[in-house]
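Just below is one structure, and these are the notes that go with it.
The values are calculated or read from the model by the stated rules, or taken from the named source; none is laboratory data. These numbers come from a predicted model, not from an experiment. Cβ atoms come from the backbone with ideal geometry, glycine included; neighbour counts cover every protein chain shown.
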Ligand SMILES: [Zn+2]
Ligand SMILES: [Zn+2]
């Protein structure tokens, strides 16, 4: 299907184009092209799966033919990967064969993009023990790990030219800021009065969370800290996420996402009045789910439980039974001494 191109004017002399590519069945990822002479920066590449590469090339071609821009792959000067999730960087290896653009990403997502197969194995190993401790049945674990390897195995790694270190980076008139949580190396891009939020803030979906035990710099703790930090930044005229429609009121959306997590945390605390496994907590939060969503739900429940455990609101009841080679599921219970009274209010900017 031919992509629909949206055009924005973030600042004098800068054009920003946006279109969707089909990353996976039922998931559209947004690709942004920023033309800030002399730079021509593509932000994200789709997944490389199915029609994604074709959609990407068709979108760049349409920007050239409809708007007369120098937007074809060989004319790009930079490809910026907003974060190391495959629906954003999976198209990189294909694109690299068609252009000489400089690839830029944050250092914390460097290994996942450049040493993809190795990372897959490391994460699969962690995932296996996470699922075991979560109390997922052996059949569920096997199914989920197969699905994980299959979905992620579709992607090839790709070389990267420049990494952004620490909290900030500049690319001409583009200002990059690191916001860990949803993914270790997620960066937003501010250009003029527009902010590309990637998957830090989305208008309809609450960005997926997984526990930090699966990957450092993820986890609800980092994510909520990132939201608070973003709220303190000057509000953009318009925010554009990595999926879904534009967000004119990004601060209001941040508040909604914070409220949703606050509700979930309260739900977990109430539910672990009695001893519960993560599998049970996940069911309480999300009900019955199927396929890959079982893993997503367990990760999300794991992120919330970990957040409460880190702060002593929830206790691990059977730590002694969880050592190496043991197959027990972790059981959690509300702390008898430390009472959860909600997230601290976000400071006004
Ligand atoms: Zn993501
Ligand atoms: Zn995404």
TODO: Return only the number of the condition from (1) closer than 26 Å to residue 178 by Cβ; (2) assigned by TED's automatic domain parsing to the domain that holds residue 202; (3) more than 15 Å from ligand 1 (Cβ to nearest atom); (4) crowded, with 16+ Cβ neighbours inside 10 Å that residue 38 does not satisfy.
DONE: (4)
Open item on the list: If residue 222 meets every condition in (1) within 16 Å of ligand 1 (Cβ to nearest atom); (2) on the phi < 0 side of the Ramachandran plot; (3) assigned to a loop (DSSP other than H, G, I, E, B); (4) modelled with pLDDT of 95 or more apart from one, which number is that one?
Closed with: (3)
TODO: Test residue 240 against the stated conditions and say whether it is within 16 Å of ligand 1 (Cβ to nearest atom), buried (at least 18 other Cβ atoms within 10 Å of the Cβ) and assigned by TED's automatic domain parsing to the domain that holds residue 212.
DONE: yes
Task: Residues satisfying the stated conditions in the range 84-97, i.e. surrounded by fewer than 18 Cβ atoms within 10 Å (Cβ to Cβ) and in contact (Cβ under 8 Å) with a residue 40 or more places away in the chain - done: none
TODO: Consider only pairs whose beta carbons are under 8 Å apart and that are at least six residues apart or on different chains; among these, list those whose first residue lies in the range 169-184 and is at positive phi and whose second residue is in a strand (DSSP E or B) and surrounded by 20 or more Cβ atoms within 10 Å (Cβ to Cβ).
DONE: 172/36; 172/41; 181/218
Open item on the list: Condition (residue is within 13 Å of residue 301 (Cα to Cα) and buried (at least 18 other Cβ atoms within 10 Å of the Cβ)) applied to the range 216-225: is it met by at least one residue?
Closed with: yes
Open item on the list: Here is a check on your reading of the model: is residue 80 more than 23 Å from residue 156 (Cα to Cα) and touching a residue at least 40 places away in the same chain (Cβ under 8 Å)?
Closed with: no
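Per-residue answers, yes or no, for (1) on the phi > 0 side of the Ramachandran plot; (2) in the same structural domain as residue 300 (by TED's automatic domain parsing); (3) in contact with a helix residue (DSSP H, G or I) (Cβ under 9 Å, 6 or more places away or on another chain); (4) within 16 Å of ligand 1 (Cβ to nearest atom):
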residue	(1), (2), (3), (4)
214	no, no, yes, yes
217	yes, no, yes, yes
230	no, no, yes, yes
249	no, no, no, no
266	no, no, no, no
Open item on the list: Going residue by residue through the range 54-70, is there one that turns out to be under 18 Å from residue 100 (Cα atoms), more than 16 Å from ligand 1 (Cβ to nearest atom) and surrounded by 20 or more Cβ atoms within 10 Å (Cβ to Cβ)?
Closed with: yes
Open item on the list: Residues that are within 15 Å of ligand 2 (Cβ to nearest atom), out of contact with any helix residue (DSSP H, G or I) (no Cβ under 8 Å at 6 or more places or on another chain) and at pLDDT 95 or above: does the range 33-41 have at least one?
Closed with: no
